[in-house]
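Report on the structure given below.
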Amino acid sequence: QVQLVESGGGLVQPGGSLRLSCAASGTFFSRYAMGWYRQAPGKQRDLVARITSSGTTDYADSVKGRFTISRDNAKKMVYLQMNSLKPEDTAAYYCSTVRMGIDYWGQGTQVTVSS
């Protein structure tokens with residue numbers, strides 16, 4: 001059983017920064033890839049960034065150069081540093097992982113970019 005809890009969302013002006021955190025429970029955290037997804041109202045949930053167990057990262061084209069995903073295996077944490085935020089980054093952001101073919105999701109944290 002895995003539980004994921006996101007935090008760090010909020011309201012930020014365009015050009016600003018936020019750091020999202022995801023706290024994971026369960027064992028063998030370091031063995032699994034972790035991802036951040038986002039979903040805007042009326043749109044599908046899309047992958048934003050992913051980090052493998054070995055630390056390899058991958059990003060959606062729309063966030064490359066602005067967002068950075070990282071993990072702290074000792075703390076069972078995953079982070080998403082978001083810089084140069086744009087109004088189109090507004091969405092609910094979710095932390096996710098897959099284990100034994102089962103998708104696990106957090107409850108999400110809202111990010112709103114607006115002046």
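The values are calculated or read from the model by the stated rules, or taken from the named source; none is laboratory data. All of these numbers come straight from a predicted model, not from anything done at the bench. Cβ coordinates were reconstructed from backbone atoms using ideal geometry, including for glycine residues, and neighbour counts include every protein chain displayed. Ligands, DNA and RNA are stripped out before the accessible areas are found, and what is left, the full protein with its side chains, is counted by its heavy atoms. Shrake-Rupley method; radii C 1.70, N 1.55, O 1.52, S 1.80 Å.
Tally time: how many residues in segment 41-82 are part of a loop (DSSP other than H, G, I, E, B), in contact (Cβ under 8 Å) with a residue 40 or more places away in the chain and open to solvent by less than 30 Å² (accessible area, probe 1.4 Å)?
Final tally of qualifying residues: 0.
Tally time: how many residues in segment 7-22 are open to solvent by 40 Å² or more (accessible area, probe 1.4 Å) and of a type outside the set (Ser, Thr, Tyr)?
Of the residues in segment 7-22, 5 are open to solvent by 40 Å² or more (accessible area, probe 1.4 Å) and of a type outside the set (Ser, Thr, Tyr).
Taking the stated definitions as given, is PRO87 modelled with pLDDT of 95 or more and either on the phi < 0 side of the Ramachandran plot or touching a helix residue (DSSP H, G or I) at 6+ places or on another chain (Cβ under 6 Å) (or both)?
Values: modelled with pLDDT of 95 or more: yes; either on the phi < 0 side of the Ramachandran plot or touching a helix residue (DSSP H, G or I) at 6+ places or on another chain (Cβ under 6 Å) (or both): yes.
Taking the combined requirement at face value, the residue satisfies it.
Is there a residue in segment 25-35 that is in contact with a Cys (Cβ under 8 Å, 6 or more places away or on another chain) and surrounded by 13 or more Cβ atoms within 10 Å (Cβ to Cβ)?
Yes: segment 25-35 contains one or more residues that are in contact with a Cys (Cβ under 8 Å, 6 or more places away or on another chain) and surrounded by 13 or more Cβ atoms within 10 Å (Cβ to Cβ).
Could you list all residues from segment 88-105 that are open to solvent by 30 Å² or more (accessible area, probe 1.4 Å) and either part of a helix (DSSP H, G or I) or among the hydrophobic types (A, V, I, L, M, F, W, C) (or both)?
Within segment 88-105, GLU88, VAL98, MET100, ILE102, TRP105 qualify.
Go through segment 15-40 and give me each residue that's part of a loop (DSSP other than H, G, I, E, B) and of a type in the set (Ser, Thr, Tyr).
Going through segment 15-40, the residues part of a loop (DSSP other than H, G, I, E, B) turn out to be 15-17, 25-28, 32-33, 40.
Scanning segment 15-40 gives SER17, SER25, THR27, TYR32.
Check LEU85 against each of (1) among the aliphatic types (A, V, I, L, M); (2) assigned to a loop (DSSP other than H, G, I, E, B); (3) open to solvent by 20 Å² or more (accessible area, probe 1.4 Å) and name the one condition it does not meet.
LEU85 satisfies every listed condition except (3).
Would you mind telling me which numbered condition in (1) touching a residue at least 60 places away in the same chain (Cβ under 8 Å); (2) hydroxyl-bearing (Ser, Thr, Tyr); (3) out of contact with any Asp or Glu (no Cβ under 7 Å at 6 or more places or on another chain); (4) under 19 Å from GLY8 (Cα atoms) TYR93 fails?
(3)
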